[in-house]
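The values are calculated or read from the model by the stated rules, or taken from the named source; none is laboratory data. Just so it is clear, the structure is predicted and the values come from calculations on it, not from any experiment. Cβ coordinates were reconstructed from backbone atoms using ideal geometry, including for glycine residues, and neighbour counts include every protein chain displayed. In case anyone asks, the SASA skips ligands and DNA or RNA and just uses the protein heavy atoms, side chains included. Shrake-Rupley method; radii C 1.70, N 1.55, O 1.52, S 1.80 Å.
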Amino acid sequence: ELPGFYYDPEKNRYFRLLPGHNNHNPLTQNSIQHKAMECKRLRLLEEEEKQKKTTRAGLNSSVLLQKRQLGLLSSTSYCRLVHELKVNCMQRRKIEIHSPDSSVAGTNNFKIIVADVACERIFTVNDVEHGGCKYGIINLSGLGKESLTVEMYDNLYFTNRKVNSVCWASLTHPDSHFSLTHFSKLCLMGIAETPGCASLLPASLFSSTNPGDRPGMLCSFKISTAWSCAWCLNPQADNCFSTGLTRRVLVTNVVTGHRQTFGTSSDVLAQQFATQTPVLYNGCRSGEIFSIDVRQRNRKGQSWKATRLFHGSAVTSIHLMEAEHYLMAADMAGKIKLWDLRTAKCVKQYKGHHNEYALLPLHVNEEEGLLIAVGQDCYTRIWSLQDARLLRTIPSPHPSSKDAIPSVVFSSRLGGSRGVPGLLMAVKQDLYHFSYN
């Protein structure tokens, strides 16, 4: 690299970099990198359409089945290779979004999509032009019928609010798709002392019946700047949710209003409750991951942190595995690690993820043995949980930018027990389905 110059591989020569403040069409290092990334994205999209994906040599279903029958492949290796084959054969299909209100559908960019436990419905957060957010629910029952039905509820009661975290919650039933929607948000003004709130929105708000009853059904808890939230489904801490705040953790009982506060040395950016025990796992900006047993009382001078793990950068997402012996965590350095909670050691690392400063979630599907994460470069990457191999990198259908990072949901039963398997990707105003079968 020569200072003040850049190399053009097409013309095989150097060109001078122009200053960006006094030229109409300047050539800067950022614009050159963006152009190179866009060329790479378009090339990958073209390869996707031509089905020229990088797979293992000789990987096809008939060969795998033959090797399995001959005893050349163990059942574990066979299942892993079959899922790798399925991942590489997924094809993108754009989904048509319908809405009772024609002015709602397709007018605002998707920011967050979160599926319930049964993957029958998806809660959506959409950006609004004037700076706020509005919320909706996507019904996945029509996915097998070449379309989706979307019922959007415009945000009339919370204006100029930024949503930081969303999770499904339940007050009456252990399965979250019968439940309320709990999300944490704070004001857009960017002032740390501006009060935010954690709100419970009943799913019935998103139906067109009884619009006059809607304001009375909202439940809101005023809190300070909130970064994350999590709902507890363990019966020993029933009807409780947690919010990760600036240098503290707040556990609230929505029925009694009782609150527990646990002080921390850093902002809590990611949270998840265990289901077998009332233990809350927290990921901090300092890179620390620790657990809290919410049954104990927080007393001065008492050490209440249990399991403690450490990343080299801010932890942006954590996921507790089903057996609750392992924890997956991602940080702002782009590292994804699988931790053994019994030994407090990292047992696997999943390479290729890209992140610098964004709060990006992890998606783990243990049934299919897959890990899915969307990077800040707008690429969706899929790894094998067993051997940490990167199975596929999916380019975004839209040009890469800070406001066009895809939000995804993966399930083997999209739409319920009789649903279709696949990956849903929301980018800008569009929704895509990658069939996985």
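Just one of Ser400, Ser417 is closer than 18 Å to Ala118 by Cα, surrounded by fewer than 21 Cβ atoms within 10 Å (Cβ to Cβ) and polar (S, T, N, Q); which is it?
On the way: Ser400 fails: closer than 18 Å to Ala118 by Cα.
Every option except Ser417 fails the conditions.
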**Message:** Every residue in segment 270-279 that is closer than 25 Å to Lys335 by Cα and not in a strand (DSSP E or B), please.
**Reply:** Ala274
**Complete:** Selection from segment 98-114 of residues at pLDDT below 80 and either basic (Lys, Arg) or not in a loop (DSSP other than H, G, I, E, B) (or both) yields His98
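Report yes if some residue within segment 306-321 is in the same structural domain as Val279 (by the TED database) and farther than 17 Å from Ala270 by Cα; otherwise report no. Quick ask: steps written out before the conclusion?
Pass one, segment 306-321, residues in the same structural domain as Val279 (by the TED database): 306-321.
Adding the requirement that they be farther than 17 Å from Ala270 by Cα leaves none.
The answer is no, given that none of the residues of segment 306-321 is in the same structural domain as Val279 (by the TED database) and farther than 17 Å from Ala270 by Cα.
Hey, among the residues in segment 280-303 that are in contact with a helix residue (DSSP H, G or I) (Cβ under 9 Å, 6 or more places away or on another chain) and either open to solvent by 50 Å² or more (accessible area, probe 1.4 Å) or assigned to a strand (DSSP E or B) (or both), which one's modelled with the highest pLDDT? Steps first, answer last, please.
So in segment 280-303, the residues in contact with a helix residue (DSSP H, G or I) (Cβ under 9 Å, 6 or more places away or on another chain) come out as 280, 294-295.
Within this subset, residues satisfying the condition of being either open to solvent by 50 Å² or more (accessible area, probe 1.4 Å) or assigned to a strand (DSSP E or B) (or both) are 280, 295.
On the way: Leu280: 94, Arg295: 82.
Among them, the one singled out is Leu280.
Take the residues in segment 238-252 that are among the polar types (S, T, N, Q) and closer than 14 Å to Ile223 by Cα; name whichever of them is surrounded by the most Cβ atoms within 10 Å (Cβ to Cβ).
Taking segment 238-252 first, the residues among the polar types (S, T, N, Q) are 239, 242-243, 246, 252.
Subset that is closer than 14 Å to Ile223 by Cα: 242-243, 246, 252.
On the way: Ser242: 29, Thr243: 27, Thr246: 15, Thr252: 19.
Here the answer is Ser242.
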**Asked** Which one of these does Met328 not meet: (1) without any contact (Cβ under 8 Å) to a residue 40 or more places away in the chain; (2) of a type outside the set (Phe, Trp, Tyr); (3) under 23 Å from Ala230 (Cα atoms)?
**Response** (1)
**Message:** Suppose we keep only residues that are modelled with pLDDT of 80 or more and part of a loop (DSSP other than H, G, I, E, B) within segment 55-86. Which one would you say is farthest from the chain's Cα centre (by Cα)?
**Reply:** Leu70
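I'd like to check something: does segment 311-329 contain any residue that is assigned to a loop (DSSP other than H, G, I, E, B), in contact with a strand residue (DSSP E or B) (Cβ under 8 Å, 6 or more places away or on another chain), open to solvent by less than 40 Å² (accessible area, probe 1.4 Å) and at positive phi?
Here is the first cut: in segment 311-329, the residues assigned to a loop (DSSP other than H, G, I, E, B) are 311-314, 321-325.
Then keep just the ones that are in contact with a strand residue (DSSP E or B) (Cβ under 8 Å, 6 or more places away or on another chain); that gives 311-314, 321, 325.
With the extra rule that they be open to solvent by less than 40 Å² (accessible area, probe 1.4 Å), the set shrinks to 311, 313-314, 321.
Okay, now just the ones that are also at positive phi, so none.
No - not one qualifying residue is present in segment 311-329.
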**Request:** Hey, can you tell me all the residues within segment 355-396 that are open to solvent by 30 Å² or more (accessible area, probe 1.4 Å), in contact with a Phe, Trp or Tyr (Cβ under 7 Å, 6 or more places away or on another chain) and assigned to a loop (DSSP other than H, G, I, E, B)?
**Result:** Arg389
